[in-house]
Amino acid sequence: MTNAVPGLKITHRRYVPYSHAHYAGNLVDGAYSLGLFGDVATEMSIVTDGDEGLFASYSDVQFKAPVRAGDVLEITAELVKVGTRSRVIDFVVYVVARGAATSAAPGAASFLAEPIVATTATGTVVVPPSR
């Protein structure tokens, strides 16, 4: 039996450690967001089908704004289509807080007035047949 209903949302939050910065300006590579999509898709599959599921494909990935070390990200997954074994999910990474370090305040950070949409994607997850 499945609990998969279009409109179901799952949300994770994650701090981006400085050890993940790969580029100038403490930028993090785009694969970081894709890994987070995998994590939230796994939870979606557990909630809906009692199984971790397997990521089958992405039909669209867009990198809209940079993700930096020191950011706090909110990752959402919304179930948009339910097949017999497939689940189509829309994903979004929002930057909700950002490090604002200065020499006088090396640990400074603040929540943003408006979240920044950093990455979007649509993906398909498959789950085993109902038992």
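Observations on the structure shown:
- Residue within the range 87-101 that is modelled with pLDDT under 95 and out of contact with any Ser or Thr (no Cβ under 8 Å at 6 or more places or on another chain) present: yes
- Checking the stated criteria, V96 turns out not to satisfy the condition of being out of contact with any Asp or Glu (no Cβ under 7 Å at 6 or more places or on another chain), more than 18 Å from L8 (Cα to Cα) and of a type in the set (V, I, T).
Residues are listed down the side, and each one gets a yes or a no for (1) modelled with pLDDT under 95; (2) closer than 21 Å to E114 by Cβ:
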residue	(1), (2)
I10	no, no
R14	no, yes
A21	yes, no
S33	no, yes
E43	no, no
S57	no, no
V67	no, yes
V72	no, yes
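- Scanning the range 65-94 for residues that are of a type in the set (D, E) and closer than 19 Å to A108 by Cα yields a total of 1.
The values are calculated or read from the model by the stated rules, or taken from the named source; none is laboratory data. If you're wondering where the values come from, they're calculated on a predicted model, not measured in any experiment. Glycine also receives a Cβ, built like all others from the backbone with ideal geometry; neighbour counts cover every protein chain displayed.
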